[in-house]
1. Given the criteria in contact (Cβ under 8 Å) with a residue 24 or more places away in the chain, within 16 Å of ligand 2 (Cβ to nearest atom), buried (at least 18 other Cβ atoms within 10 Å of the Cβ) and assigned to a strand (DSSP E or B), does residue 375 qualify?
2. For segment 522-535, give me the residue count where each residue is within 16 Å of ligand 1 (Cβ to nearest atom) and part of a loop (DSSP other than H, G, I, E, B).
3. Please give the helices (runs of 4 or more DSSP H) falling wholly within segment 1-119 in which 3 or more residues are in contact with a helix residue (DSSP H, G or I) (Cβ under 7 Å, 6 or more places away or on another chain).
4. Check off (1) buried (at least 16 other Cβ atoms within 10 Å of the Cβ); (2) out of contact with any helix residue (DSSP H, G or I) (no Cβ under 6 Å at 6 or more places or on another chain) for residue 202 and give me the number that stays unchecked.
5. Could you give every pair whose Cβ atoms fall below 9 Å, whose first residue belongs to segment 200-226 and is on the phi < 0 side of the Ramachandran plot, and whose second residue is in a loop (DSSP other than H, G, I, E, B) and surrounded by 11 or more Cβ atoms within 10 Å (Cβ to Cβ), counting only separations of at least 6 or pairs across chains?
6. Which residues, counting only those in segment 356-371, are more than 16 Å from ligand 1 (Cβ to nearest atom) and crowded, with 16+ Cβ neighbours inside 10 Å?
7. Condition first: farther than 15 Å from residue 19 by Cβ and in contact (Cβ under 8 Å) with a residue 12 or more places away in the chain. Now tell me which residues in segment 63-77 satisfy that.
8. Return the residues of segment 339-365 that are under 34 Å from the mean Cα position of the chain (by Cα), in contact (Cβ under 8 Å) with a residue 24 or more places away in the chain and outside any strand (DSSP E or B); say none if nothing qualifies.
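The values are calculated or read from the model by the stated rules, or taken from the named source; none is laboratory data. No experiment lies behind these values; they were computed from the predicted model shown. Here the Cβ positions follow ideal geometry from the backbone for every residue, glycine too, while neighbour counts run over all protein chains shown.
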Ligand SMILES: Nc1ncnc2c1ncn2[C@@H]1O[C@H](COP(=O)(O)OP(=O)(O)OP(=O)(O)O)[C@@H](O)[C@H]1O
Ligand SMILES: [Mg+2]
């Protein structure tokens with residue numbers, strides 16, 4: 001199984017664990033022999049020196065087995081932890097390579113459960129089975145051959161119990177195994193609800209839907225609990241039943257054994273050793289059966305982790321080098337459909353943009369503005385038509401090189417829990433403090449940050465930016481986008497929360513700073529883009545107008561409507 005591939009890396013530790021466990025079991029197999037000799041030779045003949053000598057050997061063996069067992073436990077835990085760490089890395093890297101469509105197929109909550117809970121289950125499996133794997137067979141074979149060596153008939157009495165044990169195990173497993181995948185799916189749902197509940201806390205409270213949300217969550221939680229209880233109850237019956245059989249077997253051994261003692265075919269010490277060997281043999285069997293119950297419990301998790309790490313990554317981009325800055329963008333009948341959508345988000349777009357140009361995109365909500373920017377970032381590939389960057393189809397350009405040339409400010413702003421400096425350097429790790437302060441000034445953050453003191457850069461941004469207001473977040477995000485040296489700047493609705501004056505000053509600064517680059521600004525307000533070299537008017541996925549503000553105002557009906565609805569005449573230039 002591919003999930004366990006990485007265990008190979010820890011061959012050395014695992015062999016050590018197996019050897020130590022083997023030695024431990026061997027030691028335990030020898031102890032009853034010494035004990036039986038103490039009884040049959042030492043006590044029967046009243047040979048005190050023999051008793052002391054054999055007792056001494058038993059003590060030494062016991063101490064050694066304790067040390068060996070402790071080390072085996074330590075190294076098996078180490079192997080299991082290293083293995084699960086690698087597995088988490090593997091999933092994380094895989095998810096990192098996935099496209100947005102891919103992550104949507106799994107769902108974020110499910111990916112989180114898979115990385116935490118499922119990997120935890122697999123780690124438990126490795127931890128719980130490494131030692132029994134070496135120990136159980138030795139206990140069964142060793143115990144069996146030792147008891148056969150002592151008394152064949154008495155051994156046969158015990159062996160009668162085995163088919164019954166196997167029967168119980170089979171019966172329980174059959175009823176339990178199919179439900180484990182269902183249990184994991186219910187856990188996923190619970191996580192999803194909890195995540196939604198936490199992220200949407202303000203909405204829930206504002207609409208007073210707490211009680212309803214609680215009910216939904218409680219129901220999901222109850223369903224998970226019920227199934228979990230049922231499965232664990234079923235599995236819990238196995239162990240006591242096994243122990244019951246073990247005890248019945250011991251009673252049978254004592255009953256028949258005492259008769260054999262009377263008929264002198266077995267000595268009393270041998271009978272005592274025999275009982276210990278039988279116990280060892282059956283406990284080996286119980287150990288194996290416990291591992292068998294662990295397997296289905298984990299098989300759902302193994303499957304879920306395997307699904308992620310074997311997921312075929314659809315690599316974005318191709319092998320074509322970009323060779324320098326982005327000089328031109330050209331769309332010919334560019335069309336894009338989101339997966340499963342029946343309406344194109346972009347419908348046969350034709351346009352050209354060259355270095356040094358600034359482009360504004362305006363259009364109603366859902367008209368495809370954000371989608372166009374996402375296509376330029378290779379988040380998605382065109383469904384038909386072409387989108388060319390420097391005369392090369394975008395899907396054949398190396399993703400890394402393309403994105404290196406782009407600075408993007410998404411519509412939904414997100415920050416990492418880090419200092420302002422850390423967040424600014426996220427777009428450019430070489431950005432100096434001076435540069436960052438400079439960009440923060442361009443983004444008009446001085447109204448809430450004291451830019452004259454470098455210490456301001458140590459200020460923390462929490463939980464995606466929650467400790468700043470919406471407008472402040474936008475300005476910080478603008479500074480982050482500006483901190484990057486790119487040839488194409490994409491701003492998706494990044495100025496909407498700014499007041500008109502700030503918006504105006506900012507645009508003026510941007511204009512001079514990004515003179516030789518391509519700047520594309522998606523905006524809701526005509527005022528934000530009125531001075532752009534070109535304005536694209538999008539309507540329901542179609543490009544219904546390209547031109548300057550004045551041209552569009554004269555000839556484009558949709559643009560006119562937007563401008564008039566915003567009282568364009570009264571807006572500050
Ligand atoms: N991930 C997605 N999966 C499916 N459909 C999507 C997805 N994202 C957007 N859409 C659809 O594509 C269309 C264009 O969406 P887009 O986000 O580009 O609009 P927009 O012009 O940026 O709107 P807004 O001004 O509200 O931000 C919409 O009809 C939307 O429903
Ligand atoms: Mg949008």
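1. Answer is no for this residue.
2. 3
3. Counting at least 3 such residues, we get 11-37, 48-97, 108-113.
4. (1)
5. Going by the 9 Å Cβ cut-off, the qualifying pairs are 203/209; 213/200.
6. Matches in segment 356-371: 357, 358.
7. 77
8. The answer is 339, 343, 344, 345.
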